[in-house]
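Reviewing the structure listed below.
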There are 2 protein chains.
Amino acid sequence: MATGRTHRPATRSRGIPEATVARLPLYLRALTALSERSVPTVSSEELAAAAGVNSAKLRKDFSYLGSYGTRGVGYDVEYLVYQISRELGLTQDWPVVIVGIGNLGAALANYGGFASRGFRVAALIDADPAMAGKPVAGIPVQHTDDLEKIIKTNGVSIGVIATPAGAAQQVCDRLVAAGVTSILNFAPTVLSVPDGVDVRKVDLSIELQILAFHEQRKAGEETAPGEGALPAATARDDSADQGPDGDVPAVMPA
Amino acid sequence: MATGRTHRPATRSRGIPEATVARLPLYLRALTALSERSVPTVSSEELAAAAGVNSAKLRKDFSYLGSYGTRGVGYDVEYLVYQISRELGLTQDWPVVIVGIGNLGAALANYGGFASRGFRVAALIDADPAMAGKPVAGIPVQHTDDLEKIIKTNGVSIGVIATPAGAAQQVCDRLVAAGVTSILNFAPTVLSVPDGVDVRKVDLSIELQILAFHEQRKAGEETAPGEGALPAATARDDSADQGPDGDVPAVMPA
DNA sequence: ACTTGTGAAACTTTTCACAGCT
DNA sequence: AGCTGTGAAAAGTTTCACAAGT
């Protein structure tokens, strides 16, 4: 078959779908919990339930990594934990800097799950000179002036931006110029980055607005469609079926 | 599809794709900025650049809302702001409760962007009796015992969970039982909810792990395939994931 | 028996490219 | 001449269903 790629042997075909990559951390978390309970093997059905997806999807996802299961038996928990960790790059240590130590930045610095798996807060950076030297989560805050030096000294390639929106692009540019190639952005703004730099964003108001959209739709339905309590599905957010029109009271925003 | 629904004239065909819904807040933010600068109209090209998407996608997205543009001219900024706000349900006020007032919960409570657009923090709830009565962001923290009463008194339908992972499911169950139908979950755990309840999650470690995956891949390439610095593109976060998981809110530090 | 791994079908989202209106 | 709105193609993702192993 022509077009492109000479197919790898068979084991691993470069290019795991992005949707799959986004779920690997979920599987890993569920597997880690099983591992802590010393569960030796798990079926796709059980693991899928724990991760909140369906089993066909999970098996398909795993098939992109290779054939790590045993038919008739399931998956070896420890082995899968290792394989997924490796695939995600968690077998190495990633130094991370957090820029913007306000309420959120401090909360992130204190977040335990940070260190737990592959990530280490290498430095906290803030533009306020009054903060310099103060320890947050046991780490002294450093001034923005030293950003480039800090990045280089620590070999940081992942940066977290928790500054106000107005400062985010500027901080981003400096991080990138200093060598950071992955950014997690908490500031409510769109960041421009050169090709080759990854940005992921975390935005409270966007999430709330998406919820409001669905909430409004539910309200429009009013008439409970049976009210029959179906057994709870696992962590599913559906987008309700087509609701009739939604007449909306208007309050015209400012 | 399915049972023919002839309901509305023709203007609006119920059922906006989820991917489109997830981008509406982005467009709204960009439009609001234009509005504040008193820009009267904007082309799909300009607006797309500001929102970090491409113009074909933006036009397609808007086409699901209706025909709000003018060929040869562009879109009326004020009009679009209103239409999108209405579509998202932001023309009404959504009371929100935050459960779990630790570092993160407090940061969220202090987040300005919260109140700014359609959302109002109706109450803060925490399980620690020592916190009861203490004001955070000017709002007194209430005890979990009163959760049901608080939800009902305030007509809350959106809840934010910022508790430790271990408490999240329990809090979630109580919120749902009390009438909450949309949940924004910051706890690193999968929540089970009945059908009809929407859950969106915001998970720092998942986001970092996704970045680590791509970061590792970049490192593996090593041999820069040209190394030539291509001109920067506009804010593309690769992997536009999608789905219910993913991004989240940003707490603007004070 | 039981459970994985996977082609193929179904569905969703993005992109293309141009007709149609201003 | 310029820009929107949209069918149609392409790409990506999920689900189905069952053959292939253990």
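Of all residues in the stretch A:74-86, those satisfying the criterion of being within 14 Å of another protein chain (Cβ to nearest Cβ) and either over 16 Å from A:Ala50 (Cβ atoms) or within 11 Å of DNA strand C (Cβ to nearest atom) (or both) are A:Gln83, A:Ser85, A:Arg86.
Scanning the stretch B:13-68 for residues that are under 19 Å from the mean Cα position of the chain (by Cα), in a loop (DSSP other than H, G, I, E, B) and closer than 18 Å to A:Thr189 by Cα yields B:Gly52, B:Val53. Kindly check whether there is at least one residue in the stretch B:1-16 that is at pLDDT below 95, hydrophobic (A, V, I, L, M, F, W, C) and within 11 Å of DNA strand C (Cβ to nearest atom). So far as the stretch B:1-16 goes, yes, one or more of its residues are at pLDDT below 95, hydrophobic (A, V, I, L, M, F, W, C) and within 11 Å of DNA strand C (Cβ to nearest atom).
Counting the residues of the stretch A:121-138 that are surrounded by fewer than 18 Cβ atoms within 10 Å (Cβ to Cβ) and more than 14 Å from chain B (Cβ to nearest Cβ) gives 5. Here is the figure for the stretch B:61-94: residues that are near DNA strand D (Cβ under 7 Å from one of its atoms) and closer than 15 Å to B:Leu24 by Cβ total 4. Taking A:Leu58, is it among the hydrophobic types (A, V, I, L, M, F, W, C), within 16 Å of DNA strand D (Cβ to nearest atom), modelled with pLDDT of 95 or more and crowded, with 19+ Cβ neighbours inside 10 Å? So A:Leu58 passes the test.
When residues in the stretch A:158-181 are screened for being on the phi < 0 side of the Ramachandran plot, assigned to a loop (DSSP other than H, G, I, E, B) and open to solvent by 20 Å² or more (accessible area, probe 1.4 Å), 2 of them pass. Residues of the stretch B:100-157 that are touching an Asp or Glu at 6+ places or on another chain (Cβ under 8 Å), at pLDDT below 95 and either outside the structural domain of B:Ala177 (by TED's automatic domain parsing) or assigned to a helix (DSSP H, G or I) (or both): none at all. Residues in the stretch A:141-167 that are at the interface with chain B (Cβ under 10 Å from one of its Cβ atoms), more than 21 Å from A:Ala130 (Cβ to Cβ) and either aliphatic (A, V, I, L, M) or in contact with a Pro (Cβ under 7 Å, 6 or more places away or on another chain) (or both): A:Ile158, A:Val160, A:Ala165.
Within the stretch B:101-120, the residues that satisfy the criterion of being in contact with a strand residue (DSSP E or B) (Cβ under 8 Å, 6 or more places away or on another chain), facing chain A (nearest Cβ under 9 Å) and under 21 Å from A:His214 (Cα atoms) are B:Phe114, B:Gly118, B:Phe119.
Only one of the numbered conditions (1) within 11 Å of DNA strand D (Cβ to nearest atom); (2) hydroxyl-bearing (Ser, Thr, Tyr); (3) crowded, with 19+ Cβ neighbours inside 10 Å is violated by B:Tyr27, and that is (1).
Exactly one condition in (1) within 16 Å of DNA strand C (Cβ to nearest atom); (2) at pLDDT below 95; (3) closer than 17 Å to B:Ser85 by Cα is false for B:Leu26; which is it? Of the numbered conditions (1) within 16 Å of DNA strand C (Cβ to nearest atom); (2) at pLDDT below 95; (3) closer than 17 Å to B:Ser85 by Cα, the odd one out for B:Leu26 is (2). Every test in (1) under 22 Å from the mean Cα position of the chain (by Cα); (2) among the β-branched types (Val, Ile, Thr); (3) surrounded by fewer than 16 Cβ atoms within 10 Å (Cβ to Cβ); (4) in a helix (DSSP H, G or I) is passed by A:Thr91 save one, and that test is (4).
So which residues in the stretch A:34-51 are touching a helix residue (DSSP H, G or I) at 6+ places or on another chain (Cβ under 7 Å) and more than 10 Å from DNA strand D (Cβ to nearest atom), if there are any at all? Of everything in the stretch A:34-51, those that are touching a helix residue (DSSP H, G or I) at 6+ places or on another chain (Cβ under 7 Å) and more than 10 Å from DNA strand D (Cβ to nearest atom) turn out to be A:Leu34, A:Ser35, A:Val39, A:Pro40, A:Thr41, A:Val42, A:Glu45, A:Leu47, A:Ala50, A:Ala51. Being in contact (Cβ under 8 Å) with a residue 60 or more places away in the chain, over 19 Å from A:Val156 (Cβ atoms) and within 13 Å of chain B (Cβ to nearest Cβ) is a property that does not hold for A:Ile98.
Rundown of residues vs (1) under 30 Å from B:Ile151 (Cα atoms); (2) away from DNA strand C (no atom under 16 Å from the Cβ), yes/no style:
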{"residue": "B:Ser38", "(1), (2)": "no, yes"}
{"residue": "B:Glu45", "(1), (2)": "no, no"}
{"residue": "B:Gly52", "(1), (2)": "no, no"}
{"residue": "B:Ala56", "(1), (2)": "no, no"}
{"residue": "B:Lys60", "(1), (2)": "no, no"}
{"residue": "B:Gly72", "(1), (2)": "no, no"}
{"residue": "B:Gly89", "(1), (2)": "yes, yes"}
{"residue": "B:Gln92", "(1), (2)": "yes, yes"}
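The values are calculated or read from the model by the stated rules, or taken from the named source; none is laboratory data. Bear in mind that the values here come from a model prediction, so they are computed numbers and not experimental data. Cβ sites come from the backbone with ideal geometry, for glycine too, and all protein chains shown count toward neighbours. Protein only, heavy atoms only, side chains kept; ligands, DNA and RNA dropped before computing areas. Shrake-Rupley method; radii C 1.70, N 1.55, O 1.52, S 1.80 Å.
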